[in-house]
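**Student:** Here it is, the structure in full.
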Amino acid sequence: MPDDFEAMWSALAPIGRSASSGGYFRQPFTTVESELRGWFLEQCAARDLTVEADGNGNLLAWWGADGGADAVLVGSHLDSVLDGGAYDGPLGVVSSLAAIDLLRERGVVPRRPVVVGAFAEEEGSRFGIACLGSRLATGSTTPEAAQELRDRDGVPLLDAMTTAGHSPVLGRAGWVDRIGCFLELHVEQGRDLVDRQAPVGLASAIWPHGRYRFDFTGDANHAGTTRMEDRHDPMLGFAMTALAASKQAQLAGQRATFGRVDVAPNGTNAIPSRVSAWLDARCESDAELVRLVAEIKRQAMERADRDGTRVTVTPESVSGAVAFDPAVTGALSSGLVERWGDVPVIPTMAGHDAGILAAAGVPTAMMFVRNPTGVSHSPEEFAETADCLSGVEALADALEVLVA
């Protein structure tokens with residue numbers, strides 16, 4: 001007997017949870033991820049779903065229509081950011097399994113396959129590339145580039161996958177050609193639905209966004225004996241750049257965040273020789289993203305010239321603007337109106353596997369579940385059980401529009 005939504009959610013709750021912060025550490029290709037994958041496989045077996053692994057770390061569970069082509073893909077991911085929330089990713093996977101149960105209760109026999117996907121390394125928390133599993137599967141990241149990836153401890157991607165029990169065969173996956181459309185359910189990462197007093201919504205677009213590594217280099221020296229005017233301190237360039245990024249983003253109404261820093265030699269009594277910092281930038285258009293990052297880089301380089309230091313900027317992953325398929329979104333909006341009224345259609349500033357598949361040419365839509373806190377990527381991320389159950393019903397209704 002398959003578990004219902006609440007039982008599945010309860011089973012997932014302790015996996016990867018920090019006893020001190022209450023946040024989640026569900027990084028890919030770890031023992032925690034193996035436990036999550038084991039849970040997914042058990043739930044799929046209880047529903048007689050046929051599961052395949054694609055060699056990139058992604059799992060696909062097939063229901064109905066003999067696993068043929070023109071399938072409807074649902075699902076999300078199971079990994080988290082460091083010290084993240086419970087809902088970002090897993091809510092979409094659990095809701096997809098529960099929606100299949102609901103469709104079966106309704107007696108729906110799908111005329112096209114339904115596939116529940118659990119994508120690997122969506123957050124990029126270990127290997128630095130967001131949506132790595134879906135990027136590899138669609139061919140937007142090459143196997144050669146992925147093989148060069150290392151985590152913070154220097155572990156290569158292929159070694160991490162093999163140690164975790166995977167059989168890596170990186171590259172474009174055949175299942176992509178069998179997908180007719182993708183619908184990803186996700187907890188909202190903001191308060192738009194709260195303000196609209198709506199439990200669920202649809203997505204119109206994803207803002208373009210990128211991750212950029214800024215390497216500030218200077219001369220290591222003694223913190224006490226080196227006069228201030230004799231220093232070539234890269235920390236100053238980083239500090240100014242972080243402030244400049246915040247100011248430029250505020251002036252333009254965009255987003256810019258330095259959320260990760262690595263310092264060498266990282267001693268209290270030493271001027272650093274290197275400061276590496278990662279910028280996350282998100283803008284309402286591709287042109288605005290290019291402009292914002294260029295301005296931040298310009299100010300960083302000007303400061304480096306004044307300090308006698310150096311700075312290099314390396315884009316690590318950049319995703320262009322994504323407009324979700326208007327035909328699919330429109331069909332869902334029309335199909336949901338009788339039960340749910342006029343469902344809000346809103347943009348999102350967060351990246352998702354849905355954006356990668358949409359960019360690869362797969363007709364794609366997204367559905368959001370209300371988040372009363374508006375907080376995400378944090379232990380405070382939340383959704384009411386009643387809203388989650390509404391999300392399951394709305395997802396089942398949407399799938400019925402697409403497959404019945």
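**Student:** Using 0.36 nm per residue, how much length does the chain from VAL194 to VAL261 gain when fully extended, once their Cα-Cα distance is taken away?
**Tutor:** 20.8 nm
**Student:** Run through the DSSP bridge list for the chain and note the antiparallel percent, rounded to the nearest 5.
**Tutor:** Working: 46 of 64 bridges.
That works out to approximately 70 percent antiparallel.
**Student:** Turning to a different aspect of this structure: Compute the separation of the alpha-carbon centres of region 336-385 and region 148-215 and state it in Å as a whole number.
**Tutor:** If you average the Cα positions of each part, the centres end up 13 Å apart.
**Student:** In whole Å, what are the Cα extents of region 249-330 along the three principal axes, biggest one first?
**Tutor:** 60, 23, 21
**Student:** Moving on. Cα convex hull of region 45-173: how many Å³ per residue? Provide the component values of the computation, followed by the final result.
**Tutor:** On the way: hull volume 14.1 nm³, N = 129.
Spelled out: Cα convex hull of region 45-173, divided by residues, is 110 Å³.
**Student:** Taking all protein chains in place and a 1.4 Å probe, what share, in percent, of the accessible surface of the chain do carbon and sulfur account for?
**Tutor:** Values: 8420 of 16630 Å².
In the chain, the share of accessible area belonging to carbon and sulfur is 51 percent.
**Student:** Determine, from the Cβ-Cβ distance of SER285 and THR31 and an R0 of 41 Å, the FRET efficiency 1/(1 + (r/R0)^6), rounded to the nearest 0.05. Don't skip to the end; give the middle numbers.
**Tutor:** Details: r = 42 Å, r/R0 = 1.02.
Once the sixth-power term is evaluated, E becomes 0.45.
**Student:** How high is the relative contact order of the chain? Use alpha-carbon pairs under 8 Å, at least six apart in sequence, and give a whole percent. Provide the component values of the computation, followed by the final result.
**Tutor:** Values: 886 pairs, mean separation 89.0, N = 404.
Once normalised by length, the contact order is 22 percent.
**Student:** May I ask for the angle, rounded to the nearest 10°, between helix 90-105 and the longest principal axis of the chain, with both axes built from Cα atoms and the value confined to 0 to 90°?
**Tutor:** Approximately 10 degrees, to the nearest 10.
**Student:** How big is region 189-232 by the Kirkwood estimate over distinct Cα pairs, in Å?
**Tutor:** Working: mean 1/r = 0.0618 Å⁻¹.
Result for region 189-232, one decimal place: 16.2 Å.
**Student:** Quick check: convex hull of the Cα atoms in region 80-149, volume per residue, rounded to a whole Å³?
**Tutor:** On the way: hull volume 5.7 nm³, N = 70.
So the per-residue hull volume is 81 Å³.
**Student:** Please find the FRET efficiency linking ARG339 to ALA404, where r is the Cβ-Cβ separation and R0 is fixed at 22 Å, and quote it to the nearest 0.05.
**Tutor:** Numbers: r = 15 Å, r/R0 = 0.66.
Approximately 0.90, to the nearest 0.05.
**Student:** On a 0 to 90 degree scale, rounded to 10, what angle separates helix 326-340 from the longest Cα axis of the chain?
**Tutor:** Helix 326-340 sits at roughly 60 degrees to that axis.
**Student:** Taking Rh as the Kirkwood radius, which is the inverse of the mean 1/r over Cα pairs, what is the Rg/Rh value for the chain?
**Tutor:** Values: Rg = 22.4 Å, Rh = 22.2 Å.
Taking Rg over the Kirkwood Rh, I get 1.01.
**Student:** Of all the C-alpha pairs in region 237-289, what % are more than 15 Å from each other?
**Tutor:** On the way: 734 of 1378 pairs.
Value for region 237-289: 53 percent of Cα pairs lie more than 15 Å apart.
**Student:** Between ASP153 and THR50, take the C-beta separation as r, use R0 = 30 Å, and let me know the FRET efficiency to the nearest 0.05. Write out the running numbers ahead of the final one.
**Tutor:** Working: r = 36 Å, r/R0 = 1.20.
The calculated FRET efficiency here is 0.25.
**Student:** Tell me, what are the semi-axes, in whole angstrom and largest first, of the equivalent ellipsoid of region 1-121 as set by the roots of 5 times the Cα gyration tensor eigenvalues? Spell out each step's value before the answer.
**Tutor:** Working: eigenvalues 135, 49, 24 Å².
Sorted largest first and rounded, they come to 26, 16, 11 Å.
**Student:** Okay, next question. Looking only at Cα atoms, what is the convex hull volume of region 1-60 per residue, in Å³?
**Tutor:** Convex hull of Cα atoms, per residue: 83 Å³.
**Student:** Direction-averaged shadow area of the convex hull around the Cα atoms of region 179-279, nm²? If you can, show how the numbers build up before the last one.
**Tutor:** Values: hull surface 42.4 nm².
Projected area, direction-averaged: 10.6 nm².
**Student:** Which whole-number value in Å² is the accessible area per residue of the chain, probe 1.4 Å? Mind dumping the intermediate values first?
**Tutor:** Values: 16630 Å² over 404 residues.
So the chain comes to 41 Å² accessible per residue, rounded to a whole number.
**Student:** Take peptides 88-94, 248-254 and line them up by average Cβ neighbours within 10 Å, highest first, as a rough protection proxy.
**Tutor:** Working: 88-94: 28.1, 248-254: 14.6.
With the highest mean Cβ count within 10 Å placed first, the list reads 88-94, 248-254.
**Student:** Order the peptides 326-332, 44-50 from the highest to the lowest mean number of other Cβ atoms within 10 Å of their residues.
**Tutor:** On the way: 326-332: 17.6, 44-50: 15.4.
Most protected by this proxy first, the peptides run 326-332, 44-50.
**Student:** In nm, to one decimal, how far is the VAL375 label point from the GLU105 one, both placed 7 Å along Cα→Cβ?
**Tutor:** Output for this residue pair reads 3.2 nm.
**Student:** Same structure, new question: Based on alpha-carbon positions alone, could you give the equivalent ellipsoid semi-axes of region 269-404 from the gyration tensor, as √(5λ), descending, whole Å? The partial results should precede the final answer.
**Tutor:** Values: eigenvalues 347, 72, 27 Å².
The three semi-axes for region 269-404 are 42, 19, 12 Å.
**Student:** Where nothing but the Cβ of Lys and Arg (+1) and of Asp and Glu (-1) is charged, how large is the charge dipole of region 1-97 around its Cα centre, in debye to the nearest 20? Intermediate results must be reported in sequence, preceding the final value.
**Tutor:** On the way: 4 positive and 14 negative charges, 54 e Å.
Its charge dipole is roughly 260 debye.
**Student:** Which value in nm describes the separation of the simple spin-label points at THR225 and THR142, placed 7 Å from the Cα toward the beta carbon?
**Tutor:** Calculated label separation equals 4.9 nm.
**Student:** Here's something else I'd like to know. If each residue of separation counts as 0.36 nm, what is the full-extension length gain between LEU251 and ASN269 once their alpha-carbon separation is subtracted? Working shown, then result.
**Tutor:** On the way: separation 18, 0.36 × 18 = 6.48 nm, distance 3.65 nm.
Using 0.36 nm per residue and subtracting the Cα-Cα distance, I get 2.8 nm.
**Student:** Over the residues of region 317-387, compute the C-alpha Rg and express it relative to 2.2 N^0.38 Å. Intermediate values should be presented prior to the final figure.
**Tutor:** Details: Rg = 14.1 Å, N = 71, 2.2 N^0.38 = 11.1 Å.
Relative to the rule-of-thumb radius for its length, region 317-387 sits at 1.27.
**Student:** Moving on to the next point. Cα gyration tensor of region 124-260, axes a ≥ b ≥ c as square roots of the eigenvalues: rounded (a/c below 1.5), prolate (a/b > b/c) or oblate?
**Tutor:** Details: a/c = 3.00, a/b = 1.35, b/c = 2.22.
Here region 124-260 falls in the oblate category.
The values are calculated or read from the model by the stated rules, or taken from the named source; none is laboratory data. Note that the structure is predicted; figures quoted are calculated from it, not measured. FYI the Cβ positions are ideal-geometry reconstructions off the backbone, even for glycines, and counts take in every protein chain you see. Calculation scope for accessible area: heavy atoms of the full protein, side chains included, ligands and nucleic acids excluded. Shrake-Rupley method; radii C 1.70, N 1.55, O 1.52, S 1.80 Å.
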